[in-house]
Structure formats: C-alpha cells, structure tokens
1. Can you tell me which residue among 94, 140 is under 30 Å from residue 27 (Cα atoms) and hydroxyl-bearing (Ser, Thr, Tyr)?
2. Does residue 11 satisfy the condition of being at pLDDT 95 or above, under 22 Å from residue 184 (Cα atoms) and either surrounded by 12 or more Cβ atoms within 10 Å (Cβ to Cβ) or under 14 Å from the mean Cα position of the chain (by Cα) (or both)?
3. Does residue 15 satisfy being of a type in the set (Val, Ile, Thr), within 14 Å of residue 94 (Cα to Cα) and either in a helix (DSSP H, G or I) or touching a Ser or Thr at 6+ places or on another chain (Cβ under 6 Å) (or both)?
4. Quick one: in the stretch 96-136, which of the residues that are of a type in the set (Ser, Thr, Tyr) and part of a loop (DSSP other than H, G, I, E, B) is least open to solvent (accessible area, probe 1.4 Å)?
5. I'm trying to understand the selection: among the residues of the stretch 18-46, which are in a strand (DSSP E or B), small (Gly, Ala, Ser) and buried (at least 16 other Cβ atoms within 10 Å of the Cβ)?
6. Working only within the stretch 137-183, note down all residues that are part of a loop (DSSP other than H, G, I, E, B) and open to solvent by less than 10 Å² (accessible area, probe 1.4 Å).
7. Considering only residues that are among the hydrophobic types (A, V, I, L, M, F, W, C) and assigned to a loop (DSSP other than H, G, I, E, B), look in the stretch 81-95 and name the one that is surrounded by the most Cβ atoms within 10 Å (Cβ to Cβ).
8. Could you tell me whether the stretch 47-56 includes any residue that is farther than 22 Å from residue 115 by Cα, surrounded by fewer than 22 Cβ atoms within 10 Å (Cβ to Cβ), in contact with a Ser or Thr (Cβ under 6 Å, 6 or more places away or on another chain) and free of Cβ contacts under 8 Å to residues at least 60 places away in the same chain?
Amino acid sequence: MIYTVTPDPSVEFNVRLWDALNVGGLNRSAGDSILAGGRGISCAVMLHRLGQEVTSLGFLGGAAGDIIRDFLVGEGVICTMDILEGSMTRVGVSIRDVRGTVTEIRGKSPCVSAKELASLLERLTAVERGDTVILSGEASESVPESVYRSIALLAADRGAHIVLNTSAELAADMAELSPLAVMTTPRELSRIFG
C-alpha cells in the first residue's frame, strides 16, 4: 500500500485575464478553473492512474476540503483525510495576465488542533513493513516540522519506505532516515542553490 500524507492541501483558483493585471482596479477574466492542489494530492492521483493502490491522509475543512475529497474519490483514491473542526482548507489564487505574468496568492493554512494531529498519527499505525509513505508539502503554523519528523519516524519504525516530497530544508533535516526518494520543486532547488 502507498500512503500519501498531505497535512496542508489546497484548492487552486486559477484566473486568466484579457489584459494586463490592473492592480487596484477592475479586471475581467478570460477564463478560470478550480483544481484540487498540493503535492500529495497530485502524487496520489498520478500513482493511482499508474495502477497503484493509494490511501490519502491529511486534513480537509469546509467547502474547499469537499472539492479535494470529491476529486480524490472521483479519481479512485482512498481518501481517509480527517475533517477539521471550524477551519477551511487553504485556497490559493493564481492570476495570469495577457503578457503571461503570473501573480500568486497563497491562502492561510487552516488551524489543526493537537487532537486532529494525534488522529492523523493514529491512522498511520496501519502502515506495515514494505508499505510506502510519501510525506508531502511544507510545514505550516499548525503543522510544524516536528510533526513531519514524527510521521517519518513512525513510518520508519514500522518498516515502511519513506519518500519525502517536501521542502528541500525539511528533506535535508530527515536525510538520516535514508528515504527511498526525495522530491522537490525547481523553485525550492533554485532557492537553495541560486
């Protein structure tokens, strides 16, 4: 079994404009789309499309969380994400104007309680030797780096393979766990190596 863990998924609202972005004024959309986002969400869907059995873990909240859950279930991914009490899944906005200039707004991460974090760790006790746990995304105010480390240690203790699909700094911090693979983004790499 492959488990993808995405503590802070997002819904991405993408807008294309007819003209250049008019900051402080009215902008007319030439088209838009709403997508379930987050590294772990994309990874779960791709692996399932390649014929793997995948269970997606993490946190969802509100209408944005419903979009992600419905997307995963529609793709055939087993979705066992915990529902957040009184908090909404993060929403990101991407605006592309006629010149190709992209402006991104990253929404605020939801509040995840200690009880909700404990529930996620409890779900991960189902991991068995030979399973693969893909830990995705970046730490947030509610899900600090220590939680990512706890998840990776739990998986390693149970004999699972660990794949880190996180920030380069977080992956480097957990290198001693001998992950099966480390994935990061070009933006992360350029931030570290210039």
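1. On the way: 140 fails: under 30 Å from residue 27 (Cα atoms).
Just a single option satisfies the conditions, and that option is 94.
2. Details: at pLDDT 95 or above: yes; under 22 Å from residue 184 (Cα atoms): yes; either surrounded by 12 or more Cβ atoms within 10 Å (Cβ to Cβ) or under 14 Å from the mean Cα position of the chain (by Cα) (or both): yes.
Against the criterion (at pLDDT 95 or above, under 22 Å from residue 184 (Cα atoms) and either surrounded by 12 or more Cβ atoms within 10 Å (Cβ to Cβ) or under 14 Å from the mean Cα position of the chain (by Cα) (or both)), residue 11 qualifies.
3. On the way: of a type in the set (Val, Ile, Thr): yes; within 14 Å of residue 94 (Cα to Cα): yes; either in a helix (DSSP H, G or I) or touching a Ser or Thr at 6+ places or on another chain (Cβ under 6 Å) (or both): yes.
Judged against the criteria, residue 15 is a match.
4. Residues of the stretch 96-136 that are of a type in the set (Ser, Thr, Tyr), as a first pass: 101, 103, 109, 113, 119, 125, 132, 136.
Narrowing the set further to residues that are part of a loop (DSSP other than H, G, I, E, B) leaves 101, 109, 113.
Values: 101: 67, 109: 14, 113: 49 Å².
Among them, the one singled out is 109.
5. Restricting attention to the stretch 18-46, the residues satisfying the condition of being in a strand (DSSP E or B) are 29-37.
This time we only want the ones that are small (Gly, Ala, Ser), so: 29-31, 33, 36-37.
36, 37, listed by residue number.
6. Within the stretch 137-183, the subset part of a loop (DSSP other than H, G, I, E, B) is 138-144, 158-160, 167, 174, 178-180.
143, 174, listed by residue number.
7. Quick first cut of the stretch 81-95, residues among the hydrophobic types (A, V, I, L, M, F, W, C) only: 81, 83-84, 88, 91, 93, 95.
Subset that is assigned to a loop (DSSP other than H, G, I, E, B): 81, 84, 88.
Values: 81: 25, 84: 19, 88: 17.
My answer is 81.
8. Step one: list which residues in the stretch 47-56 are farther than 22 Å from residue 115 by Cα, which gives 47-54.
Adding the requirement that they be surrounded by fewer than 22 Cβ atoms within 10 Å (Cβ to Cβ) leaves 47-53.
With in contact with a Ser or Thr (Cβ under 6 Å, 6 or more places away or on another chain) added as a condition, the list becomes none.
Scanning the stretch 47-56 turns up no residue that is farther than 22 Å from residue 115 by Cα, surrounded by fewer than 22 Cβ atoms within 10 Å (Cβ to Cβ), in contact with a Ser or Thr (Cβ under 6 Å, 6 or more places away or on another chain) and free of Cβ contacts under 8 Å to residues at least 60 places away in the same chain.
The values are calculated or read from the model by the stated rules, or taken from the named source; none is laboratory data. Here the structure is a predicted model, which is why all the values come from computation and not from measurement. FYI the Cβ positions are ideal-geometry reconstructions off the backbone, even for glycines, and counts take in every protein chain you see. Protein only, heavy atoms only, side chains kept; ligands, DNA and RNA dropped before computing areas. Shrake-Rupley method; radii C 1.70, N 1.55, O 1.52, S 1.80 Å.
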